[in-house]
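These notes are about the structure you will find just below.
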Amino acid sequence: MKQISKKLTITPEQLTQDMKSQKPLLIFDLRESDQFVRSHVKGSVHAVCDTRAKEKIMPKIPKTAKIILISEPETLSANVAQMMDEFGLDVSYLDGGYSSWNGEKSQGRTGEFIEPVELLEDLERFLLLDVRNIDEFSEYKIPGSVNIPLDKIFDKKTIKEIPKDKEIVTICPHGNRAMIASFALASEGITSKTLSGGLTKWNQVLKPVKVVAEPVEIIQVQKVGKGCLSHIVRSGNEAIVIDPLYPFEKYTEIAKKQGFKITKVFDTHQHADHVSSARDLAKDTGAKLYLSKYEGYDFNANFVGDNDNITFGKSNLRVIHTPGHTPGSLSYVVDEKYVFTGDILFVESIGRPDLRDKAIEFTGELYETLHKKLLSLPRYNMVFPTHHGNDAKDTDGAYFSTIQESLKLPWLDIPKDEFVSKVAAKALPRPMNYRKIIEINKGQIKLNHLEIPDLEIGPNRCAVDGS
């Protein structure tokens, strides 16, 4: 049997003294949760020492943090302390276990979580405390978040400067660093909640917003954490879905609630920033699946191209081949009033032409598509893109514009040669995991649905910025 090391012990008297001197401590109670709720050392948090904690949480604990472990008896905390010590952490365990503690005690739970859907319902109520590193935070974030990197959370001066007028929600990519931050705040008497699943789970929240009520109904379904947009277009008791997102069940939920049937599903192109749910949605609803005949998919569908017309309900959808973002990109015009532009034309900008590594060629096609196909549509046509960026302005919570408004966008008032040279020269970061996402959407590799949140983490990066 492995000998328990006593060199890592801290006596109850020493712990009391450290707490009185206000040393920055992380006190983890490893007992069962019901035991913790009944009674625990004041300022401690309940922690589970399982495989996930060892692999995901422990590596994120700053080496500067002083960790105290408590169990009853002391055997568990001693063994864990020895492992953490070997990992290079500053750790001690309470000598004699919890029963030896005669200092201040508390009752109740700590370490609460909040689901992304609940957070979305009332964002203004919370202080969003993002504990990622500065460079990670600058890449993408929940609007309104405040950034304090995890290692700074252990600085008492920093903690005192955190506003206390709102409920605090700690945030990181998967919830591991955020959980540690909540532990650190709790040790200072500050209550907080951890965003369950972190930004990866936040990126999977879909929010429906009704944009048009009649003669057709248009519902914009937004992936709020990523800036992805999809659309349900209802005509009578039938509806089509354009560029559906995961989780696809959201669309069937909306259809069931509002009493219409999804009969057709469309993608505008092979997306590079998110995984299309078109195949799964079509299969689940029995709808027909329509895809671009110019893209080259490795599975069967109804392939459509320029000037094809598809009817649904009392409405007509006309297909326009609009290359530039991808060679096979399509736009869809419904009833000659509403145009769904995919990643070609956005509210605030235009689509990027470089994700297939043919920037010069595709930029020329993008110019022709914009000026000869989309911007030549009637100016009253409403424009519905498949993404929006941080600079896009919403209208009553939705992202759309008109052809008239699109004519004022950057890049559209210069000659073709200048357009091609300037747009093709833009050095833009690629969407995270874009090559694998393209392969999945093309049908070249099988989708593991559990991978979707991690594949889609990060900003969409589909537009050319206007600078």
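In the list Ile242, Ile254, which residue meets the criterion of being touching a Pro at 6+ places or on another chain (Cβ under 9 Å), among the hydrophobic types (A, V, I, L, M, F, W, C) and open to solvent by less than 50 Å² (accessible area, probe 1.4 Å)? Let's see the steps before the verdict.
Numbers: Ile242 fails: touching a Pro at 6+ places or on another chain (Cβ under 9 Å).
Result: Ile254 is the single residue among Ile242, Ile254 that is touching a Pro at 6+ places or on another chain (Cβ under 9 Å), among the hydrophobic types (A, V, I, L, M, F, W, C) and open to solvent by less than 50 Å² (accessible area, probe 1.4 Å).
Is it true that Leu291 is assigned to a loop (DSSP other than H, G, I, E, B) and among the hydrophobic types (A, V, I, L, M, F, W, C)? Spell out the reasoning first.
On the way: assigned to a loop (DSSP other than H, G, I, E, B): no; among the hydrophobic types (A, V, I, L, M, F, W, C): yes.
It is false that Leu291 is assigned to a loop (DSSP other than H, G, I, E, B) and among the hydrophobic types (A, V, I, L, M, F, W, C).
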Flagged in the range 390-441 as open to solvent by 50 Å² or more (accessible area, probe 1.4 Å) and more than 18 Å from Ile350 (Cβ to Cβ), in numbering order, are Asp394, Thr395, Asp396, Met432, Asn433, Arg435, Lys436, Glu439
Of everything in the range 140-154, what is touching a helix residue (DSSP H, G or I) at 6+ places or on another chain (Cβ under 7 Å) and among the hydrophobic types (A, V, I, L, M, F, W, C)? Give them in sequence order.
Ile142, Ile148, Leu150, Ile153, Phe154
Count of the range 409-447 residues which are polar (S, T, N, Q), under 28 Å from Thr200 (Cα atoms) and modelled with pLDDT under 95
1
Only one of (1) in contact with a strand residue (DSSP E or B) (Cβ under 9 Å, 6 or more places away or on another chain); (2) more than 19 Å from Lys63 (Cβ to Cβ) fails for Phe154. Which number is that?
(2)
Filter the range 219-245 for residues that are over 20 Å from Leu345 (Cβ atoms), small (Gly, Ala, Ser) and under 17 Å from the mean Cα position of the chain (by Cα) and give the result.
Gly225
Given the structure, is Thr311 under 31 Å from the mean Cα position of the chain (by Cα) and either hydroxyl-bearing (Ser, Thr, Tyr) or surrounded by 18 or more Cβ atoms within 10 Å (Cβ to Cβ) (or both)?
no
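Look through the range 322-351, keep the residues that are open to solvent by 10 Å² or more (accessible area, probe 1.4 Å) and assigned to a loop (DSSP other than H, G, I, E, B), and return whichever of them is nearest to Lys442 (Cα to Cα).
Ranking the candidates gives Pro327 first.
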So Val319 clears everything in (1) more than 18 Å from Val420 (Cβ to Cβ); (2) buried (at least 24 other Cβ atoms within 10 Å of the Cβ); (3) touching a Leu at 6+ places or on another chain (Cβ under 6 Å) except one condition, right? Which one?
(2)
Any pair with Cβ under 7 angstrom, 6 or more apart, that starts in the range 78-92 at a residue that is over 13 Å from Lys7 (Cα atoms) and ends at one that is assigned to a loop (DSSP other than H, G, I, E, B)
Val80/Leu30; Val80/Cys49; Gly88/Lys63; Leu89/Ile61; Leu89/Lys63
Cβ pairs under 6 Å, 6+ apart, first in the range 406-434 and aromatic (Phe, Trp, Tyr), second in a helix (DSSP H, G or I):
Phe419/Tyr367
Can you tell me which residues in the range 73-103 are at pLDDT below 95, in contact with a helix residue (DSSP H, G or I) (Cβ under 6 Å, 6 or more places away or on another chain) and either open to solvent by 20 Å² or more (accessible area, probe 1.4 Å) or not hydrophobic (A, V, I, L, M, F, W, C) (or both)?
Gly103
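Looking at Leu120, Leu129, which one is at pLDDT 90 or above, over 18 Å from Ile457 (Cβ atoms) and of a type outside the set (Asp, Glu)? Talk me through it step by step, then tell me what you get.
Details: Leu120 fails: over 18 Å from Ile457 (Cβ atoms).
One residue alone meets the criteria, Leu129.
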Residue that is of a type in the set (D, E, K, R) and in contact with a strand residue (DSSP E or B) (Cβ under 7 Å, 6 or more places away or on another chain), where the choices are Lys54, Lys105
Lys105
For the range 174-181, check the following and say yes or no: at least one residue is more than 17 Å from His46 (Cα to Cα), out of contact with any Gly (no Cβ under 6 Å at 6 or more places or on another chain) and buried (at least 20 other Cβ atoms within 10 Å of the Cβ).
no
Tell me whether the range 129-145 contains one or more residues that are farther than 22 Å from Glu167 by Cα and more than 31 Å from the chain's Cα centre (by Cα).
no
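So that you can scan it fast, the table gives a plain yes or no per residue for (1) surrounded by 20 or more Cβ atoms within 10 Å (Cβ to Cβ); (2) in contact with a Ser or Thr (Cβ under 9 Å, 6 or more places away or on another chain); (3) without any contact (Cβ under 8 Å) to a residue 12 or more places away in the chain:
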{"position": "Pro215", "(1), (2), (3)": "no, yes, no"}
{"position": "Ile232", "(1), (2), (3)": "yes, no, no"}
{"position": "Ile262", "(1), (2), (3)": "yes, yes, no"}
{"position": "Asp267", "(1), (2), (3)": "yes, yes, no"}
{"position": "His271", "(1), (2), (3)": "yes, yes, no"}
{"position": "Lys293", "(1), (2), (3)": "no, no, no"}
{"position": "Asn307", "(1), (2), (3)": "no, no, no"}
What tally of residues in the range 13-35 results from selecting those that are open to solvent by less than 20 Å² (accessible area, probe 1.4 Å) and either assigned to a strand (DSSP E or B) or touching a helix residue (DSSP H, G or I) at 6+ places or on another chain (Cβ under 9 Å) (or both)?
5
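Can you confirm whether Asp354 is among the acidic types (Asp, Glu), free of Cβ contacts under 8 Å to residues at least 24 places away in the same chain and open to solvent by 10 Å² or more (accessible area, probe 1.4 Å)? Lay out the reasoning, then the answer.
Values: among the acidic types (Asp, Glu): yes; free of Cβ contacts under 8 Å to residues at least 24 places away in the same chain: no; open to solvent by 10 Å² or more (accessible area, probe 1.4 Å): yes.
For Asp354, the condition - among the acidic types (Asp, Glu), free of Cβ contacts under 8 Å to residues at least 24 places away in the same chain and open to solvent by 10 Å² or more (accessible area, probe 1.4 Å) - is not met.
The values are calculated or read from the model by the stated rules, or taken from the named source; none is laboratory data. This is a predicted model, so every value here is computed, not measured. For neighbour counting, all protein chains shown are included, and Cβ atoms are generated from backbone atoms with ideal geometry for every residue, glycine included. Ligands, DNA and RNA are excluded from the accessible area calculation, which covers all protein heavy atoms including side chains. Shrake-Rupley method; radii C 1.70, N 1.55, O 1.52, S 1.80 Å.
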